[in-house]
1. Considering only the other residues whose Cβ falls under 11 Å of the Cβ of residue 270, what net charge follows from Lys and Arg at +1 and Asp and Glu at -1?
2. Grab the eigenvalues of the alpha-carbon gyration tensor for region 106-181, scale each by 5, take roots, and send me the semi-axes largest first in whole angstrom.
3. DSSP loop trypsin sites (Lys or Arg not before Pro) in region 40-113 with at most 14 other Cβ atoms within 10 Å of their Cβ, which ones?
4. Positive end of the charge dipole of region 243-303 (Lys, Arg +1 and Asp, Glu -1 on Cβ, about the Cα centre): tell me which of 295, 274, 244 has its Cα farthest that way.
5. Net charge near residue 176: determine it from the other residues with C-beta under 10 Å of the C-beta of residue 176, scoring Lys and Arg +1 and Asp and Glu -1.
6. Considering only the chain, what is the antiparallel percent among its DSSP beta bridges, to the nearest 5?
7. Placing unit charges on C-beta atoms (Lys and Arg positive, Asp and Glu negative, everything else neutral), compute the dipole magnitude of region 48-126 about its Cα centre in debye, rounded to 20.
8. Quick one: 3J(HN,Hα) in Hz for region 206-215, Karplus 6.51/-1.76/1.60 with θ = phi - 60°, rounded, Gly and Pro as x.
Amino acid sequence: MKVPMPHWSQTSSRLMNACPRAWALSYARKAPNRSGRSSRSDHPPRTYDEILVRTMREAWLQRVDDQYFGKVWSDAYARRTVEQKVDSALEDSQLKVLEFHQLQGVDRSLKQLKALEDTVALRPLFLGRPRRWAYFDRRTPTDVDGVDVYAAPDVAVFHQHRWTLVRLQFRAPKHSSVGQQLEHLLMVHWALKQPGFPDDPRLFRVKVVRWTGRNWCEHNVQITDASLKQAVNLVMHDVQEMRWLERWVNADPSLGTLPLAVHHRHCRHCLHRTGCPADTGLAQAKRKQEHAAMNGHQSDATKSARTA
Ligand code: SF4
């Protein structure tokens with residue numbers, strides 16, 4: 001029987017690093033088999049802000065698709081599109097949001113999307129300048145050393161003999177970590193496997209366009225042979241941890257011994273909070289877990305002493 005490939009995505013990796021238990025509940029429990037394959041998880045939105053981010057992404061994809069085929073959006077059309085997406089996402093969710101806050105959210109999203117068109121990376125597309133460009137849906141994986149990697153760029157623009165791979169972050173912290181920079185480089189690995197792109201990493205640039213709350217900030221990520229290798233190592237390391245967690249889930253289906261969140265802020269909007277030992281406090285739940293583990297070791301030691 002063909003063994004399905006493990007998958008890696010930023011969402012899965014970040015969840016695993018934030019809380020192994022939440023990762024196991026979102027991914028490992030849904031795996032079609034226990035052979036190292038983790039299924040993708042599309043959880044329902046937990047906050048209105050999550051709805052706004054998702055609807056902005058959808059609206060952006062629609063906007064860029066129309067732009068590609070020369071269809072211009074009026075402000076009224078943009079508003080109608082975003083409003084409809086937000087209304088329908090709210091209807092599908094269990095969230096209750098005051099109409100006033102809904103409207104504020106839609107206004108903010110529209111401003112953010114408009115400002116995106118004016119960034120250095122994307123302005124040329126809306127002025128019709130580059131002759132060669134393409135856009136992608138991030139949900140398109142590619143095989144990197146036997147792992148389904150979800151790392152498609154949002155946009156690729158050909159300029160001065162090279163392709164610039166653009167990553168959009170609709171929400172981003174002020175500073176990004178080295179790990180996140182490596183994640184961005186996975187776009188190069190992704191592109192190297194796609195027909196129509198060159199197979200030489202030197203013919204790419206990587207650009208990140210991040211929304212930091214007030215404006216879009218843009219920066220380039222250096223591509224070197226060493227950093228490209230490190231990016232693949234990061235994926236392999238994560239996949240190894242994921243497999244190990246899956247085995248842990250098999251060995252302890254109660255999940256009682258699985259590590260809990262690194263920080264209590266991860267618990268705030270966690271989908272798996274109900275029924276989680278951390279529901280009444282993360283620190284206390286961790287202490288209880290440590291205590292139970294110590295008691296377990298002691299009784300194991302007692303049993304072995306008796307057997308001896
Ligand atoms: S509530 Fe906290 S500890 Fe429990 S699964 Fe969610 S993030 Fe992890």
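Please treat every number below as a calculation from the coordinates, not as lab data. Just so it is clear, the model here is predicted, and its values are computed rather than measured. Cβ coordinates were reconstructed from backbone atoms using ideal geometry, including for glycine residues, and neighbour counts include every protein chain displayed.
1. That works out to +4.
2. 23, 19, 13
3. Counting only loop positions with at most 14 other Cβ atoms within 10 Å, the trypsin sites (Lys or Arg not before Pro) in region 40-113 are 71, 96.
4. 274
5. Summing Lys/Arg as +1 and Asp/Glu as -1 gives +1.
6. Antiparallel bridges make up about 65 percent of those DSSP assigns within the chain.
7. 220
8. For region 206-215, the Karplus-derived couplings read 10, 10, 10, 10, 10, 8, 9, x, 10, 8 Hz, x marking Gly and Pro.
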